[in-house]
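A.B. asks: I am attaching a structure below and will ask some questions about it afterwards.
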Amino acid sequence: MTVQGNSFEAVFGRPAALVADAPGRVNLIGEHTDYNGGYVLPTAIPQKTRVEVAPREDGLIRIATMSVRGGTQLVYRAGEESRRGLWLDYVQGVTAVLRGRGVAVPGFDARITSTVPLGSGLSSSASLLVALARALRAMLGLSIDDVEIARIAHAAEHDFVGAPVGTMDQMAASLADENTALLIDTRTLAFERIPLPAEAELLIVNSGVTHQHASGGYKTRRAECERAAAALGVPQLRDADEAAEQRIASLPAPLDRRARHVVTENARVLAAVAALRAGDLGRLGELFDASHRSMRDDFEVSVPAVDDLVESARAQPDVFGARLTGGGFGGSIVALVKRGCAARVGQAVVEAYAHAPNRRATVLVGGPVS
């Protein structure tokens, strides 16, 4: 069934009862460390997913999305969730997890709109999951905090949808804001907000190369990390440290490189926090650059198009550092730029990128970070 880009009332014949939203996120540093029990440092972006809901009495759950061209509406019954391999699985995942926790989920209508680009490495899926969980929390009067919202969203994506993601994206969508970086210990879910520097701004550029976490290389990397941890005799790679360099080097390829990335990336997150607190933008930029090299060479999740974007950004004199952000295999880059220069740098990077055939990059964020 196809619906046009109309209001909730036009789609469902009645007004929405309430509205909730959640932002996408950009990870400043700390990639592929979350499912290894390590540290991450995301921040929220202006783009958001918005969910309007109204309860029903017949047990039907009708979901309309305006984020698919032409709009799409799908239906299932509360308590009859079944994975279909469609975007609807994210919605079904939230209701299935809530039911598994003893929540009586009734029928409802929901209209979903989003400005977070799909497959861009900016957590469009987590933004949807958290926005829906927030809407249902309000509709059902549930006494759950924002960390629990993140746990529900993660369980929906990991357990129901089958994407082997860590907890960073859902924590960021639930707890992050645009003025601070959110330091998260993904093992304990302890978090701290670190102010972003007034002297810099973030530039985020989407390469146009999309990815999917539920399949392909992401799953392979996670499995390789688990094998590396087992070979090192630790529960997770979080439990190895830079002092284990010789033992890591003795692992068979590519496990040695995967472990080296995770261990050094964890150290880079903590070093980035120290640089933020000290206002040392030069050092923070160096860490961005080192993180990208590690993702490209040791973790092997970058692609040539993204590498070109990073190099174009780094060639600009007002850029402190740049890196691939997100799970990789496409997506976006984030650059730390001297305040007031992001718009100009973004234009230069996009123009340089377009010199290659069939490439079109998009500046998603190019304004102040605080």
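No value in this document is a laboratory result; all are computed from the given coordinates. Only a predicted model underlies this, so the values are computations on that prediction, with no experimental measurement involved. In this analysis, Cβ positions are derived from the backbone assuming ideal geometry, glycine residues included, and neighbour counts consider all displayed protein chains.
A.B. asks: GNM, the chain, Cα, under 10 Å: largest mean-square fluctuation among Ile248, Ile45, Ile204?
C.D. replies: Taking springs between Cα atoms under 10 Å, the residue moving most is Ile248.
A.B. asks: Compute the projected area of the convex hull of the Cα atoms of region 8-193, averaged over all viewing directions, and report it in nm² to one decimal place. Spell out each step's value before the answer.
C.D. replies: On the way: hull surface 39.8 nm².
So the mean shadow area of the Cα hull is 9.9 nm².
A.B. asks: Using the Cα gyration tensor of region 223-308, with a ≥ b ≥ c the square roots of its eigenvalues, what is the shape: rounded (a/c below 1.5), prolate (a/b larger than b/c) or oblate (neither)?
C.D. replies: Cα axes put region 223-308 in the oblate bin.
A.B. asks: So, with +1 on the Cβ of K and R and -1 on the Cβ of D and E, and no other charges, what is the size of the charge dipole of region 197-365 about its Cα centre, to the nearest 20 debye?
C.D. replies: 320
A.B. asks: Run the dipole for region 152-263 about the Cα centre, Lys and Arg Cβ at +1, Asp and Glu Cβ at -1, nothing else charged, and hand back the magnitude in debye, nearest 20.
C.D. replies: Dipole magnitude for region 152-263 comes out near 560 debye.
A.B. asks: Taking the chain as a Gaussian network, Cα atoms linked when under 10 Å apart, which of Ser127, Ser250, Ser291 shows the biggest mean-square fluctuation?
C.D. replies: Looking only at Ser127, Ser250, Ser291, the biggest GNM fluctuation is shown by Ser250.
A.B. asks: Farthest toward the dipole's positive end in the chain, which of Val306, Ser127, Asn179, given Cβ charges of +1 (Lys, Arg) and -1 (Asp, Glu) about the Cα centre?
C.D. replies: Ser127
A.B. asks: Using 13 Å as the cut-off for backbone N distance, which residues of region 141-164 belong to the label zone defined by a point 7 Å from the Cα of Ala17 along Cα→Cβ?
C.D. replies: 141-142
A.B. asks: Now a separate question. For the chain, how big is the tail of P(r) above 25 Å, as a whole percent of Cα pairs? All intermediate terms of the calculation are to be shown ahead of the outcome.
C.D. replies: Values: 36621 of 68265 pairs.
I get 54 percent for the Cα pairs in the chain exceeding 25 Å.
A.B. asks: Tell me, what is the FRET efficiency for Lys338 and Leu86 to the nearest 0.05, using R0 = 51 angstrom and their Cβ-Cβ distance as r?
C.D. replies: Calculated value: 0.70.
A.B. asks: How big, in percent, is the set of alpha carbon pairs in region 4-77 lying more than 19 Å apart?
C.D. replies: Pairs farther apart than 19 Å: 54 percent.
A.B. asks: Right, here's the next one. Hey, what number do you get for the chain at 222 nm if only DSSP H runs of n ≥ 4 count, each worth -39500 (n - 2.57), divided across all residues, to the nearest 500?
C.D. replies: Taking each H run of at least 4 residues, the total per residue is -11500 deg cm²/dmol.
A.B. asks: Measure nothing fancy, just the Cα-based angle from helix 217-232's long axis to the longest principal axis of the chain, in degrees from 0 to 90, nearest 10.
C.D. replies: 60
A.B. asks: Something else now. With an 8 Å Cα cut-off and a minimum separation of 6 or more residues, compute the relative contact order for the chain in percent.
C.D. replies: 20
A.B. asks: Going by the alpha-carbon gyration tensor, a ≥ b ≥ c the square roots of its eigenvalues, is region 251-358 rounded (a/c under 1.5) or, if a/c is not under 1.5, prolate (a/b greater than b/c) versus oblate?
C.D. replies: Oblate shape, in that a/c is at least 1.5 and b/c is the bigger or equal ratio.
A.B. asks: Which is farthest toward the positive dipole end of region 26-124 among Gly37, Thr115, Thr72, measuring Cα position about the Cα centre, with Cβ charges +1 (Lys, Arg) and -1 (Asp, Glu)?
C.D. replies: Thr72
A.B. asks: While we're looking at this one, here's another question. If packing is taken as the average count of other Cβ atoms within 10 Å, what order do 350-357, 313-320 fall into, highest mean first?
C.D. replies: For the peptides 350-357, 313-320, the packing ranking is 313-320, 350-357.
A.B. asks: Starting with the highest mean, order 17-30, 86-99, 270-283 by the number of other Cβ atoms within 10 Å, averaged over the residues of each peptide. Mind dumping the intermediate values first?
C.D. replies: Details: 17-30: 24.2, 86-99: 21.6, 270-283: 16.6.
Highest-to-lowest ranking by the protection proxy: 17-30, 86-99, 270-283.
A.B. asks: A follow-up question, please. When you count, for each residue, the other Cβ atoms within 10 Å and take the mean per peptide, how do 333-346, 51-64 rank with the highest first?
C.D. replies: Highest mean packing first, the order is 333-346, 51-64.
A.B. asks: Return one number: the angle in degrees, 0 to 90 and rounded to the nearest 10, between the long axis of the Cα atoms of helix 281-297 and the longest principal axis of the Cα atoms of the chain.
C.D. replies: The angle comes out near 80 degrees.
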